Amino acid sequence: MSLESLHALESRVARFVELVHQLKRENEALRSELNETQTRLREQEEHRQEWEMERTDIGGRIDKVLGALEGIEGLCETTESSEGGAITNGRR
């Protein structure tokens, strides 16, 4: 093997070693980014679940209030029909 061939091989090996180091740095950066993204995703999923529970709770409360209002309407209608008409300003 000539000295020139040895220098060319040495140069190629040095470039290869630098490429491996660069790829390892990129790999570590990507792993870190992936971990951060997965953490944010878990946090967002937790928030979504909390919001879903709140939405369900609010929906139930709204249904309860609407049911109470319907009961009041039904009571008013029953009272009006048993009294013979609607009351307007305290007069029939």
Problem - Length added when fully stretched, Arg61-Leu34, from 0.36 nm per residue minus Cα-Cα - result: 5.7 nm
Problem - Volume per residue that the Cα convex hull of the chain spans, once the total is divided by residue count, Å³ - result: 141 Å³
Handout entry: Net charge of neighbours whose Cβ lies under 12 Å from the Cβ of Thr37, counting Lys and Arg as +1 and Asp and Glu as -1
Key = 0
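The numbers here are math on the coordinates, done by the rules we state, and not lab data. Predicted model only: the values in this text are computed from it and were never measured. Ideal geometry is used to build each Cβ from the backbone, glycine not excepted, and the neighbour counts take in all protein chains shown.
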